[in-house]
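Engineer: The structure is given below, and queries will be raised subsequently.
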Amino acid sequence: MNTDYLIIGQGVCGTFLSYYLQKEGKSVIVIDDAKPDSPSRVAAGIINPVTGRRLVTVWMVDEVLPYAWKAYSELGADLSVQAISQKNIIDFFPNPFMREGFLQKIETGDKYVHPYPEQNHFNNYFNFEFGCGEIRPVYTAHLESIIPAWRSIIAKADFLREEHFDISQLQVEPDKIHYRDITASKIIFCDGAASFDNPYFKQLPFAPNKGEALIAEIPGLPDHNIYKKSLLLVPLAEKDLFWVGASYVWKFDDASPTQAFRDSTENSLKSWLKIPYRILEHRSALRPATLERRPFVGTHPQFPSVGILNGMGTKGCSLGPYFAKQLTDYLLYDLPIAKDADVKRFEKVLSRR
Ligand SMILES: Cc1cc2nc3c(=O)[nH]c(=O)nc-3n(C[C@H](O)[C@H](O)[C@H](O)COP(=O)(O)OP(=O)(O)OC[C@H]3O[C@@H](n4cnc5c(N)ncnc54)[C@H](O)[C@@H]3O)c2cc1C
């Protein structure tokens with residue numbers, strides 16, 4: 001079988017890349033084994049303009065934030081699902097220093113950090129002693145709706161193979177690749193953490209980061225906002241369900257959920273929430289993070305028929321669609337990929353195979 005592009009992985013990156021290539025009239029086959037612990041199936045979907053305790057402005061925010069809204073809205077319209085919602089963050093200050101830091105950020109005129117005038121609005125739901133502020137706009141991408149919806153479309157069209165990709169079966173030539181019965185002009189790896197062992201890309205400075213989250217039922221908690229106080233509480237599409245997380249762990253034994261995370265998260269929830277909740281699930285995954293916190297996008301400097309869209313780290317929901325579009329425009333129209341993201345910056349490292 002001949003195809004223009006063979007894509008490995010249907011997380012957020014593989015979904016958007018296959019969607020864009022197909023929209024441009026290219027033929028695509030996607031191979032995905034739907035690992036339940038892949039980060040695209042564990043993520044909260046938050047797309048925020050500032051990040052961390054110090055409210056640092058996110059890399060490329062002015063391009064990436066509006067692009068995410070547009071990209072998810074378009075994909076959602078094509079799939080007939082709600083793909084993105086605006087859910088601003090109510091940031092409850094855990095101590096006076098964090099409150100001070102937030103207020104100072106407002107004074108600098110930051111366009112994403114705002115006072116929250118109704119300080120008593122959440123008194124019935126949360127314990128908080130030091131007030132709250134608002135981060136806006138913040139979006140949530142509904143990966144739990146988009147990924148299965150796109151999967152069912154490509155499955156019906158016979159573009160999807162629900163199986164494990166075995167790299168030992170891959171043969172690479174300068175202008176095409178062969179994999180079992182498939183011949184493609186290019187293969188693009190969107191396989192997340194699996195790329196850490198990929199012989200073509202394993203020299204890249206990946207820095208896997210483990211993240212855990214709980215799914216909780218919290219009846220009666222309004223779902224208009226994301227709530228933050230050390231933890232994040234993110235409303236999910238299903239009524240009364242919230243995503244609670246997450247951890248960021250650089251040293252770990254394996255990717256499975258830990259009792260320590262569950263205990264500490266439940267303790268924090270108990271002291272923060274005034275209303276009852278019930279834990280339904282505990283999820284865990286490895287984020288495909290990178291040492292420089294920048295993605296890997298483009299084709300291999302030595303093997304032009306092999307490409308990559310990976311290294312999205314903690315920001316796959318916003319960077320995934322943006323760089324899927326850049327990669328599409330690069331492959332089809334030879335348009336440039338952002339320098340900080342282009343995998344060609346590792347030409348030397350990738351030459352040492
Ligand atoms: C707890 C947690 C919370 C997060 N929250 C957010 C958030 O709120 N906002 C945000 O922007 N990001 C968040 N992230 C990060 C985000 O999830 C990732 O950046 C993003 O999902 C990476 O997507 P991807 O498509 O590159 O990889 P993946 O999601 O890993 O997808 C790769 C796909 O490839 C498939 N695959 C791999 N190897 C093979 C093979 N050999 N054969 C066949 N199929 C294969 C897998 O099954 C999978 O479906 C979070 C991550 C975690 C762990």
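The values are calculated or read from the model by the stated rules, or taken from the named source; none is laboratory data. Since the model is a prediction, treat every value here as computed from it, not as a measurement. In this analysis, Cβ positions are derived from the backbone assuming ideal geometry, glycine residues included, and neighbour counts consider all displayed protein chains. Side chains are part of the model used for accessible areas, which takes the heavy atoms of the whole protein and leaves out ligands, DNA and RNA. Shrake-Rupley method; radii C 1.70, N 1.55, O 1.52, S 1.80 Å.
Engineer: Could you please tell me which pairs satisfy a Cβ distance under 6 Å, a separation of 6+ or placement on different chains, a first residue in the stretch 40-57 that is touching a residue at least 60 places away in the same chain (Cβ under 8 Å), and a second residue that is in a loop (DSSP other than H, G, I, E, B) and more than 13 Å from the ligand (Cβ to nearest atom)?
Structural biologist: Filtered contacts from the stretch 40-57: Pro49/Tyr112; Val50/Tyr112.
Engineer: Just to be sure I understand, how many residues within the stretch 234-249 are of a type in the set (A, V, I, L, M, F, W, C), at pLDDT 95 or above, more than 12 Å from the ligand (Cβ to nearest atom) and under 19 Å from the mean Cα position of the chain (by Cα)? Explain how you work it out, then say what you get.
Structural biologist: Taking the stretch 234-249 and keeping what is of a type in the set (A, V, I, L, M, F, W, C), we get 234, 236-237, 241-244, 246, 249.
Filter again for at pLDDT 95 or above, leaving 234, 241-244, 249.
Among the residues that remain, those that are also more than 12 Å from the ligand (Cβ to nearest atom) are: 241-242.
Imposing the further condition that a residue be under 19 Å from the mean Cα position of the chain (by Cα) reduces the set to 242.
The qualifying residues number 1.
Engineer: Could you check, for the stretch 339-349, whether at least one of its residues is open to solvent by less than 70 Å² (accessible area, probe 1.4 Å), within 25 Å of Ala184 (Cα to Cα) and within 16 Å of the ligand (Cβ to nearest atom)?
Structural biologist: Scanning the stretch 339-349, I find at least one residue that is open to solvent by less than 70 Å² (accessible area, probe 1.4 Å), within 25 Å of Ala184 (Cα to Cα) and within 16 Å of the ligand (Cβ to nearest atom), so the answer is yes.
Engineer: Can you pull out the strands (runs of 3 or more DSSP E) entirely within the stretch 260-316 that have at least 1 residues that are out of contact with any Cys (no Cβ under 8 Å at 6 or more places or on another chain), more than 10 Å from the ligand (Cβ to nearest atom) and hydroxyl-bearing (Ser, Thr, Tyr)?
Structural biologist: Numbers: elements: 278-287, 296-299, 306-310.
Correct list: 296-299.
Engineer: Could you list, in sequence order, all residues of the stretch 92-111 that are more than 21 Å from Tyr125 (Cα to Cα), open to solvent by less than 60 Å² (accessible area, probe 1.4 Å) and either in contact (Cβ under 8 Å) with a residue 60 or more places away in the chain or in a loop (DSSP other than H, G, I, E, B) (or both)?
Structural biologist: Gly109, Asp110
Engineer: On to the next question. Just the residues that are out of contact with any strand residue (DSSP E or B) (no Cβ under 6 Å at 6 or more places or on another chain), at pLDDT 95 or above and within 14 Å of the ligand (Cβ to nearest atom), please, taken from the stretch 117-154.
Structural biologist: Scanning the stretch 117-154 gives His142, Leu143, Ile146, Ile147, Pro148, Trp150, Arg151.
Engineer: Give the residues of the stretch 115-136 that are surrounded by 15 or more Cβ atoms within 10 Å (Cβ to Cβ), within 21 Å of Val61 (Cα to Cα) and in contact with a helix residue (DSSP H, G or I) (Cβ under 7 Å, 6 or more places away or on another chain), sorted by residue number.
Structural biologist: Across the stretch 115-136, the qualifying residue is only Gly133.
Engineer: Considering only the stretch 27-54, state which residues are closer than 21 Å to Ala149 by Cβ, out of contact with any Ser or Thr (no Cβ under 7 Å at 6 or more places or on another chain) and away from the ligand (no atom under 15 Å from the Cβ).
Structural biologist: Across the stretch 27-54, there are no qualifying residues.
Engineer: Against the condition touching a residue at least 12 places away in the same chain (Cβ under 8 Å) and under 19 Å from Leu6 (Cβ atoms), how does Glu173 come out, does it pass?
Structural biologist: yes
Engineer: Okay, next question. Mind counting the residues in the stretch 317-353 that are part of a helix (DSSP H, G or I) and not β-branched (Val, Ile, Thr)? Spell out how you get there, then give the answer.
Structural biologist: The initial filter retains those residues of the stretch 317-353 that are part of a helix (DSSP H, G or I), namely 317-333, 343-351.
Filter once more, keeping what is not β-branched (Val, Ile, Thr): 317-327, 329-333, 344-348, 350-351.
Final tally of qualifying residues: 23.
Engineer: For the stretch 183-238, what are the residues that are crowded, with 22+ Cβ neighbours inside 10 Å and of a type in the set (Val, Ile, Thr)?
Structural biologist: Selection gives Ile187, Ile188, Ile226, Val234.
Engineer: Could you list all residues from the stretch 145-182 that are among the polar types (S, T, N, Q) and open to solvent by less than 40 Å² (accessible area, probe 1.4 Å)?
Structural biologist: Ser145
Engineer: Something else about it: Of all residues in the stretch 165-218, count the ones that are part of a loop (DSSP other than H, G, I, E, B), more than 9 Å from the ligand (Cβ to nearest atom) and of a type in the set (Phe, Trp, Tyr).
Structural biologist: Result for the stretch 165-218: 2.
Engineer: Next question. Mind checking which residues of the stretch 3-56 are open to solvent by 40 Å² or more (accessible area, probe 1.4 Å), outside any loop (DSSP other than H, G, I, E, B) and of a type in the set (S, T, N, Q)?
Structural biologist: If the condition is that a residue be open to solvent by 40 Å² or more (accessible area, probe 1.4 Å), outside any loop (DSSP other than H, G, I, E, B) and of a type in the set (S, T, N, Q), then Gln22, Thr51 are the ones that fit.
Engineer: To continue, here is another question. For Ile89, work out the one condition from (1) buried (at least 22 other Cβ atoms within 10 Å of the Cβ); (2) within 27 Å of Leu21 (Cβ to Cβ) it doesn't fulfil.
Structural biologist: (2)
Engineer: Which residue, of Arg352, Arg287, is in contact (Cβ under 8 Å) with a residue 12 or more places away in the chain, closer than 27 Å to Leu232 by Cβ and among the charged types (D, E, K, R)?
Structural biologist: Checking each option against the conditions leaves just Arg287.
Engineer: So if I check each of Glu74, Glu63, Glu24, which one is more than 13 Å from the ligand (Cβ to nearest atom) and under 21 Å from Leu160 (Cα atoms)?
Structural biologist: Glu24
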